[in-house]
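What follows draws every value from the coordinates through simple rules; no lab data is involved. Quick caveat: nothing in here was measured; it's all calculated off a predicted structure. So basically every Cβ, Gly included, is an ideal-geometry build from the backbone, and we count neighbours across all protein chains shown.
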Amino acid sequence: MENVVTMDETTGCWNGKPHDPTCSSLDAEPGLAIERHILLRSPGACCAQTTLPFWARIILPARNDAEEERLASVTITLFDATGVALAEYSDVLALEGGETGEFDVKLVEHGDRTATYTVFARFVAD
């Protein structure tokens, strides 16, 4: 089967490999644009000199549509196949007005049990 990345028009999520967890929602506060993201699995011990301390990471380019600098946060919540929340991971990023930066969220636990995940990005209160 060909590995094709597709966008789910309902959730706004981009989903890739069939065995990867599926993004079930991608939400951002107004003024904070998250147009895409990618889940990158860490290489296995057979493919790397050392094993990384996380099973995957999610990279999310973000744009601050406001004129002033803002502090932004993203939270990734992992769920099992029955919808039970397993863990939350987050990252914080300072964004100049009109500028783009990149969140880098490392997923440490529950790689074997994660079926879906959600993404929520917001501005941190001043």
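With both labels modelled 7 Å from their Cα along Cα-to-Cβ, the Glu96 to Leu40 distance reads 2.4 nm. The slack between Ile59 and Asp104, meaning 0.36 nm per residue of separation minus the straight C-alpha distance, is 15.7 nm.
Whole-Hz Karplus values for the stretch 75-86 come out as 10, 10, 10, 9, 10, 7, 5, 9, x, 7, 5, 9 Hz, taken residue by residue from phi with 6.51 cos²θ - 1.76 cosθ + 1.60 and θ = phi - 60°; glycine and proline positions read x. The loop-placed GluC sites (Glu not before Pro) in the stretch 53-126, going by DSSP, that have at most 14 neighbouring Cβ atoms within 10 Å of their Cβ come out as Glu67, Glu68, Glu69, Glu96, Glu99, Glu109.
Among residues other than Asp65 with Cβ under 15 Å from its Cβ, the summed charge is -4 (Lys and Arg +1, Asp and Glu -1). Note on Ala87 and Asp20: the extension gain reaches 22.5 nm, defined as 0.36 nm multiplied by sequence separation minus the Cα-Cα distance. Size of the stretch 62-126: Rg and Dmax of its alpha carbons, in Å, are 14.0, 42. Annotation: amide H of Ala115 within the under-5 Å range of Phe79, Asp80, Ala81, sequence separation 5 or more or interchain, hydrogens built in the peptide plane.
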